[in-house]
Amino acid sequence: MKNIRVPKTFTIIMILSITIVSFVMMDGCKVPESITSKSGAQLWGENCIRCHNSPDPKGYSDDQWDAAAEHMRQKAILTNLEITKIRDFLKSAN
């Protein structure tokens, strides 16, 4: 197998890029106040109605809400905090 030489400038650029991306991602992990300050009921009303009528929280069991919440977290691109608050609200109402 032949050794491939990587120029030093390429290595330095890659290390700097990885460092910058890491810092940006760490800062991006902060949960916006617009999410933390809202209740599960508010988030449910704002997010679920975007695509469909909101179902009656009493219409499903806790296990069914768990499955639906996981599906909708991915489909609606919700944060873990948002879906946790929504799921807790729905479970408390059934």
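In the stretch 67-94, the residues that are farther than 18 Å from residue 49 by Cβ reach residues that are of a type outside the set (Phe, Trp, Tyr) with C-beta atoms within less than 6 angstrom, at least six apart or across chains, in these pairs: 81/31; 81/35; 88/40; 91/62; 94/57; 94/58. Filtered by the rule that a residue be in a loop (DSSP other than H, G, I, E, B) and either at pLDDT 90 or above or within 12 Å of the chain's Cα centre (by Cα) (or both), the stretch 53-94 gives 60, 61, 76, 77, 78, 79. In a residue-by-residue description of the stretch 34-41, the property of being modelled with pLDDT of 90 or more, among the polar types (S, T, N, Q), over 15 Å from the mean Cα position of the chain (by Cα) and surrounded by 13 or more Cβ atoms within 10 Å (Cβ to Cβ) applies to no position.
The values are calculated or read from the model by the stated rules, or taken from the named source; none is laboratory data. Here the structure is a predicted model, which means the values were calculated and not measured. FYI the Cβ positions are ideal-geometry reconstructions off the backbone, even for glycines, and counts take in every protein chain you see.
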